[in-house]
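A.B. asks: First, the structure itself, so that you have it in front of you.
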Amino acid sequence: MTKELLCTVVQPAIVAHRGASAHRAEHTLAAYELAVEQGADGLECDIRLSKDGHIVCVHDRTLTRTSNGRGTVSALTLDQLKTYDYGHQGEPAELLVLDTLLDLVKGTKVELFVETKHPVRYRNEVERKLAQALKRHGLRDQIIMMSFSATAVKAFRDQAPKIRTVLLLDRLLPRVKTGKLPPYADYTGPGVHLLRDDPGYVDRSRHHGHDTYVWTVDDQQDVELCRDLGVRFLATNAPANTRRLLGDNLSA
(Lines give C-alpha, C1' and ligand atoms only; values in the text may rest on other atoms or scores of the structure.)
Protein backbone atom coordinates (compact mmCIF):
# COMPACT_ATOMS: atom_id res chain seq x y z
CA MET A 1 0.00 0.00 0.00
CA THR A 2 1.37 3.44 -0.91
CA LYS A 3 2.14 6.19 1.54
CA GLU A 4 -0.71 8.29 0.14
CA LEU A 5 -3.23 5.51 0.72
CA LEU A 6 -1.88 4.81 4.19
CA CYS A 7 -2.49 8.41 5.18
CA THR A 8 -6.20 7.98 4.49
CA VAL A 9 -6.51 4.87 6.67
CA VAL A 10 -8.24 5.52 9.99
CA GLN A 11 -6.36 3.89 12.84
CA PRO A 12 -8.28 1.35 14.89
CA ALA A 13 -9.13 2.32 18.44
CA ILE A 14 -6.74 0.48 20.75
CA VAL A 15 -8.44 -1.58 23.47
CA ALA A 16 -6.27 -2.91 26.30
CA HIS A 17 -7.13 -6.61 26.62
CA ARG A 18 -7.47 -7.34 30.35
CA GLY A 19 -5.49 -4.13 30.82
CA ALA A 20 -1.88 -3.76 29.73
CA SER A 21 -1.64 -7.47 30.43
CA ALA A 22 1.68 -7.97 28.64
CA HIS A 23 3.31 -5.92 31.43
CA ARG A 24 1.07 -6.27 34.51
CA ALA A 25 -0.99 -9.12 35.88
CA GLU A 26 -4.26 -9.31 33.96
CA HIS A 27 -7.44 -7.88 35.47
CA THR A 28 -5.55 -5.94 38.12
CA LEU A 29 -5.98 -2.26 38.78
CA ALA A 30 -2.28 -1.75 37.98
CA ALA A 31 -2.79 -3.29 34.52
CA TYR A 32 -5.66 -0.94 33.74
CA GLU A 33 -3.96 2.15 35.13
CA LEU A 34 -0.89 1.38 33.00
CA ALA A 35 -3.11 0.96 29.93
CA VAL A 36 -4.61 4.39 30.51
CA GLU A 37 -1.12 5.86 30.96
CA GLN A 38 -0.09 4.24 27.66
CA GLY A 39 -2.93 5.99 25.86
CA ALA A 40 -5.36 3.11 25.33
CA ASP A 41 -8.65 4.25 23.81
CA GLY A 42 -10.51 1.47 25.58
CA LEU A 43 -10.17 -1.17 28.27
CA GLU A 44 -11.47 -4.74 28.13
CA CYS A 45 -12.47 -6.89 31.08
CA ASP A 46 -14.18 -10.20 31.76
CA ILE A 47 -16.74 -10.49 34.52
CA ARG A 48 -18.22 -13.24 36.64
CA LEU A 49 -20.43 -13.39 39.72
CA SER A 50 -19.25 -14.45 43.13
CA LYS A 51 -21.38 -16.82 45.18
CA ASP A 52 -23.00 -13.85 46.92
CA GLY A 53 -23.74 -11.98 43.70
CA HIS A 54 -20.87 -9.48 43.38
CA ILE A 55 -19.38 -8.72 39.95
CA VAL A 56 -15.68 -9.55 39.85
CA CYS A 57 -13.14 -9.21 37.04
CA VAL A 58 -11.78 -12.70 36.50
CA HIS A 59 -11.41 -14.45 33.16
CA ASP A 60 -11.29 -18.12 34.09
CA ARG A 61 -13.98 -20.19 35.73
CA THR A 62 -11.44 -21.16 38.40
CA LEU A 63 -8.73 -19.24 40.27
CA THR A 64 -5.77 -21.52 39.59
CA ARG A 65 -4.13 -19.69 36.67
CA THR A 66 -4.57 -16.08 37.78
CA SER A 67 -4.16 -16.20 41.57
CA ASN A 68 -2.59 -18.13 44.41
CA GLY A 69 -6.01 -19.51 45.30
CA ARG A 70 -8.01 -22.51 44.22
CA GLY A 71 -11.67 -23.12 43.59
CA THR A 72 -14.47 -21.95 41.33
CA VAL A 73 -15.22 -18.21 41.27
CA SER A 74 -18.99 -18.69 41.44
CA ALA A 75 -18.68 -21.03 44.44
CA LEU A 76 -16.80 -18.49 46.59
CA THR A 77 -18.05 -15.36 48.33
CA LEU A 78 -16.52 -11.97 47.66
CA ASP A 79 -14.76 -12.04 51.03
CA GLN A 80 -13.29 -15.44 50.22
CA LEU A 81 -12.11 -14.29 46.79
CA LYS A 82 -10.46 -11.24 48.35
CA THR A 83 -8.17 -13.40 50.48
CA TYR A 84 -6.08 -14.39 47.46
CA ASP A 85 -3.30 -12.61 45.57
CA TYR A 86 -3.95 -11.84 41.90
CA GLY A 87 -0.54 -10.38 41.08
CA HIS A 88 2.63 -12.00 39.78
CA GLN A 89 6.42 -11.60 39.71
CA GLY A 90 6.55 -10.21 43.22
CA GLU A 91 3.89 -7.58 42.64
CA PRO A 92 0.88 -8.52 44.80
CA ALA A 93 -2.54 -7.36 43.67
CA GLU A 94 -6.02 -7.43 45.10
CA LEU A 95 -9.09 -8.86 43.44
CA LEU A 96 -10.58 -6.30 41.05
CA VAL A 97 -14.31 -5.71 41.27
CA LEU A 98 -16.22 -4.08 38.44
CA ASP A 99 -17.21 -1.05 40.52
CA THR A 100 -13.54 -0.07 40.82
CA LEU A 101 -13.02 -0.29 37.06
CA LEU A 102 -16.15 1.75 36.39
CA ASP A 103 -14.83 4.43 38.74
CA LEU A 104 -11.53 4.43 36.79
CA VAL A 105 -13.16 5.26 33.45
CA LYS A 106 -15.84 7.58 34.79
CA GLY A 107 -15.24 11.16 33.69
CA THR A 108 -12.70 10.14 31.02
CA LYS A 109 -12.99 9.44 27.29
CA VAL A 110 -11.84 5.84 27.75
CA GLU A 111 -14.39 3.23 26.71
CA LEU A 112 -14.89 0.03 28.67
CA PHE A 113 -15.64 -3.26 26.91
CA VAL A 114 -17.21 -5.69 29.38
CA GLU A 115 -17.37 -9.37 28.47
CA THR A 116 -19.78 -11.55 30.40
CA LYS A 117 -18.48 -15.11 30.68
CA HIS A 118 -20.50 -18.19 29.79
CA PRO A 119 -21.57 -20.85 30.54
CA VAL A 120 -22.19 -19.94 34.17
CA ARG A 121 -24.28 -21.42 36.95
CA TYR A 122 -26.36 -18.23 37.29
CA ARG A 123 -27.61 -18.16 33.68
CA ASN A 124 -28.22 -14.51 32.68
CA GLU A 125 -27.98 -13.07 36.18
CA VAL A 126 -24.60 -11.54 35.34
CA GLU A 127 -26.17 -9.51 32.50
CA ARG A 128 -28.89 -8.25 34.83
CA LYS A 129 -26.34 -7.31 37.49
CA LEU A 130 -24.18 -5.55 34.90
CA ALA A 131 -27.10 -3.46 33.68
CA GLN A 132 -27.89 -2.49 37.27
CA ALA A 133 -24.27 -1.51 37.96
CA LEU A 134 -24.08 0.69 34.87
CA LYS A 135 -27.30 2.44 35.83
CA ARG A 136 -26.02 2.95 39.38
CA HIS A 137 -22.80 4.52 38.08
CA GLY A 138 -24.61 6.62 35.51
CA LEU A 139 -22.59 5.15 32.65
CA ARG A 140 -23.92 4.40 29.19
CA ASP A 141 -22.04 5.89 26.23
CA GLN A 142 -18.62 4.69 27.47
CA ILE A 143 -19.70 1.08 27.89
CA ILE A 144 -19.83 -1.76 25.36
CA MET A 145 -21.10 -5.15 26.49
CA MET A 146 -19.73 -8.31 24.85
CA SER A 147 -20.22 -12.06 24.92
CA PHE A 148 -19.65 -15.18 22.87
CA SER A 149 -23.17 -16.16 23.90
CA ALA A 150 -25.84 -14.71 21.61
CA THR A 151 -28.39 -15.45 24.35
CA ALA A 152 -26.39 -13.33 26.79
CA VAL A 153 -26.12 -10.41 24.36
CA LYS A 154 -29.88 -10.51 23.79
CA ALA A 155 -30.56 -10.74 27.53
CA PHE A 156 -28.41 -7.69 28.16
CA ARG A 157 -30.01 -5.71 25.32
CA ASP A 158 -33.40 -6.41 26.91
CA GLN A 159 -32.07 -4.99 30.20
CA ALA A 160 -30.16 -2.02 28.75
CA PRO A 161 -31.41 -1.24 25.22
CA LYS A 162 -29.30 1.91 24.78
CA ILE A 163 -25.90 0.35 25.50
CA ARG A 164 -23.83 -0.96 22.59
CA THR A 165 -23.08 -4.65 22.24
CA VAL A 166 -20.56 -6.94 20.56
CA LEU A 167 -21.26 -10.53 19.53
CA LEU A 168 -17.88 -12.23 19.92
CA LEU A 169 -16.98 -14.95 17.44
CA ASP A 170 -14.44 -17.75 17.48
CA ARG A 171 -15.91 -19.32 14.33
CA LEU A 172 -17.67 -17.89 11.28
CA LEU A 173 -20.73 -20.11 11.22
CA PRO A 174 -23.11 -19.77 8.24
CA ARG A 175 -25.53 -17.56 10.19
CA VAL A 176 -22.87 -14.84 10.64
CA LYS A 177 -20.47 -15.47 7.74
CA THR A 178 -22.52 -13.12 5.54
CA GLY A 179 -21.72 -10.27 7.92
CA LYS A 180 -25.30 -9.89 9.11
CA LEU A 181 -25.83 -10.03 12.87
CA PRO A 182 -28.91 -10.45 15.03
CA PRO A 183 -30.70 -7.14 15.75
CA TYR A 184 -29.46 -7.04 19.36
CA ALA A 185 -25.76 -6.96 18.32
CA ASP A 186 -24.19 -3.69 17.16
CA TYR A 187 -20.63 -4.83 16.43
CA THR A 188 -19.12 -8.10 15.27
CA GLY A 189 -16.23 -9.51 17.31
CA PRO A 190 -14.12 -12.04 15.42
CA GLY A 191 -10.79 -13.38 16.58
CA VAL A 192 -7.92 -12.18 14.41
CA HIS A 193 -7.40 -15.77 13.20
CA LEU A 194 -10.74 -15.53 11.41
CA LEU A 195 -9.66 -12.42 9.51
CA ARG A 196 -6.45 -14.08 8.40
CA ASP A 197 -8.55 -16.78 6.73
CA ASP A 198 -11.39 -14.53 5.55
CA PRO A 199 -10.35 -10.85 5.38
CA GLY A 200 -13.46 -10.01 3.35
CA TYR A 201 -15.60 -10.57 6.44
CA VAL A 202 -14.88 -7.03 7.66
CA ASP A 203 -16.34 -5.47 4.50
CA ARG A 204 -19.33 -7.82 4.51
CA SER A 205 -20.09 -6.84 8.09
CA ARG A 206 -19.67 -3.15 7.31
CA HIS A 207 -22.13 -3.58 4.41
CA HIS A 208 -24.70 -4.71 6.97
CA GLY A 209 -23.95 -1.77 9.26
CA HIS A 210 -21.65 -3.56 11.71
CA ASP A 211 -18.16 -2.31 12.54
CA THR A 212 -15.61 -4.83 13.78
CA TYR A 213 -13.96 -5.49 17.16
CA VAL A 214 -11.01 -7.89 16.79
CA TRP A 215 -9.23 -9.92 19.48
CA THR A 216 -6.38 -10.40 20.38
CA VAL A 217 -3.88 -8.51 18.22
CA ASP A 218 -0.22 -8.20 19.22
CA ASP A 219 1.88 -9.26 16.21
CA GLN A 220 2.91 -6.69 13.61
CA GLN A 221 1.36 -8.58 10.69
CA ASP A 222 -1.95 -8.83 12.49
CA VAL A 223 -1.85 -5.15 13.42
CA GLU A 224 -1.24 -4.25 9.77
CA LEU A 225 -4.03 -6.57 8.63
CA CYS A 226 -6.56 -4.98 10.98
CA ARG A 227 -5.50 -1.48 10.00
CA ASP A 228 -5.70 -2.21 6.29
CA LEU A 229 -9.12 -3.85 6.60
CA GLY A 230 -10.55 -0.86 8.46
CA VAL A 231 -11.17 -2.63 11.77
CA ARG A 232 -12.69 -0.19 14.26
CA PHE A 233 -11.58 -1.70 17.59
CA LEU A 234 -8.35 -3.64 18.10
CA ALA A 235 -7.91 -5.56 21.36
CA THR A 236 -4.28 -5.99 22.37
CA ASN A 237 -2.27 -7.08 25.39
CA ALA A 238 0.36 -4.41 24.73
CA PRO A 239 -1.36 -1.10 23.92
CA ALA A 240 1.79 1.03 23.84
CA ASN A 241 3.62 -1.30 21.46
CA THR A 242 0.55 -1.72 19.25
CA ARG A 243 0.16 2.04 19.02
CA ARG A 244 3.85 2.26 18.09
CA LEU A 245 3.33 -0.32 15.33
CA LEU A 246 0.39 1.60 13.97
CA GLY A 247 2.33 4.85 14.12
CA ASP A 248 5.40 3.39 12.45
CA ASN A 249 3.33 1.89 9.68
CA LEU A 250 1.38 5.07 9.02
CA SER A 251 4.53 7.15 8.77
CA ALA A 252 6.51 4.68 6.66
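A.B. asks: If I model segment 1-112 as equal point scatterers sitting on the Cα atoms and use the Debye formula, what is log10 I(q)/I(0) at q = 0.12, 0.18 Å⁻¹?
C.D. replies: Cα-only, vacuum Debye calculation for segment 1-112: -0.46, -0.86.
A.B. asks: Considering amide H positions built from the backbone, and no H for Pro or chain starts, which residues 5 or more places from LEU43, or on another chain, come under 5 Å of its amide H?
C.D. replies: ALA16, GLU111, LEU112, PHE113
A.B. asks: Something else now. How would THR83, THR165 rank on accessible area, largest to smallest, probe 1.4 Å?
C.D. replies: Final ranking, largest accessible area leading: THR83, THR165.
A.B. asks: Next question, about the same structure. Pick from THR242, THR116, THR77: which residue has the top mean-square fluctuation in a GNM of the chain where Cα pairs under 10 Å get a spring?
C.D. replies: Most flexible of the set in this elastic network: THR77.
A.B. asks: Now for a separate question. When the Karplus curve 6.51 cos²θ - 1.76 cosθ + 1.60 is applied with θ = phi - 60°, which whole-Hz ³J(HN,Hα) does each residue of segment 190-204 get, with x for Gly and Pro?
C.D. replies: Going residue by residue, I get x, x, 4, 4, 6, 6, 4, 7, 9, x, x, 4, 4, 5, 4 Hz, with x marking Gly and Pro.
A.B. asks: At 1.4 Å probe size, put HIS17, HIS59 in order of accessible surface, largest to smallest.
C.D. replies: These residues rank, largest area first, as HIS59, HIS17.
A.B. asks: OK, next. List the aspartates and glutamates whose alpha-carbon lies under 16 Å from that of LYS162, not counting same-chain residues fewer than 8 positions away?
C.D. replies: Straight-distance partners of LYS162: GLU111, GLU127, ASP141, ASP186.
A.B. asks: Would you tally the net charge around GLN80, using a Cβ to Cβ cut-off of less than 13 Å, leaving GLN80 out, and scoring K and R as +1, D and E as -1?
C.D. replies: With Lys, Arg at +1 and Asp, Glu at -1, the net is +1.
A.B. asks: Can you flag which of LYS51/LYS117; LYS82/LYS109; LYS129/LYS154; LYS117/LYS177 are past 19 Å Cα-Cα?
C.D. replies: In this structure, LYS82/LYS109; LYS117/LYS177 exceed 19 Å between Cα atoms.
A.B. asks: Restricting to Cα pairs below 8 Å that are 6+ residues apart, what does the relative contact order work out to for the chain? Please round to a whole percent.
C.D. replies: Relative contact order here is 21 percent.
A.B. asks: Using the Karplus equation 6.51 cos²θ - 1.76 cosθ + 1.60 (θ = phi - 60°), what ³J(HN,Hα) coupling, rounded to whole Hz, does each residue of segment 48-62 give in order, writing x for Gly and Pro?
C.D. replies: The phi angles translate into 9, 9, 6, 4, 9, x, 8, 8, 10, 9, 9, 7, 7, 5, 10 Hz.
A.B. asks: Find the Rg to Rh ratio for the chain, where Rh is the Kirkwood radius over alpha-carbon pairs and Rg uses the same atoms.
C.D. replies: 0.97
The values are calculated or read from the model by the stated rules, or taken from the named source; none is laboratory data. It should be emphasised that the depicted structure is a prediction, and the values quoted were computed from it without experimental measurement. Because the Cβ atoms are built from the backbone with ideal geometry, glycine has one as well, and the counts that use them run over all protein chains shown. What goes into the accessible areas is simple: the full protein's heavy atoms, side chains included, and nothing from ligands, DNA or RNA. Shrake-Rupley method; radii C 1.70, N 1.55, O 1.52, S 1.80 Å.
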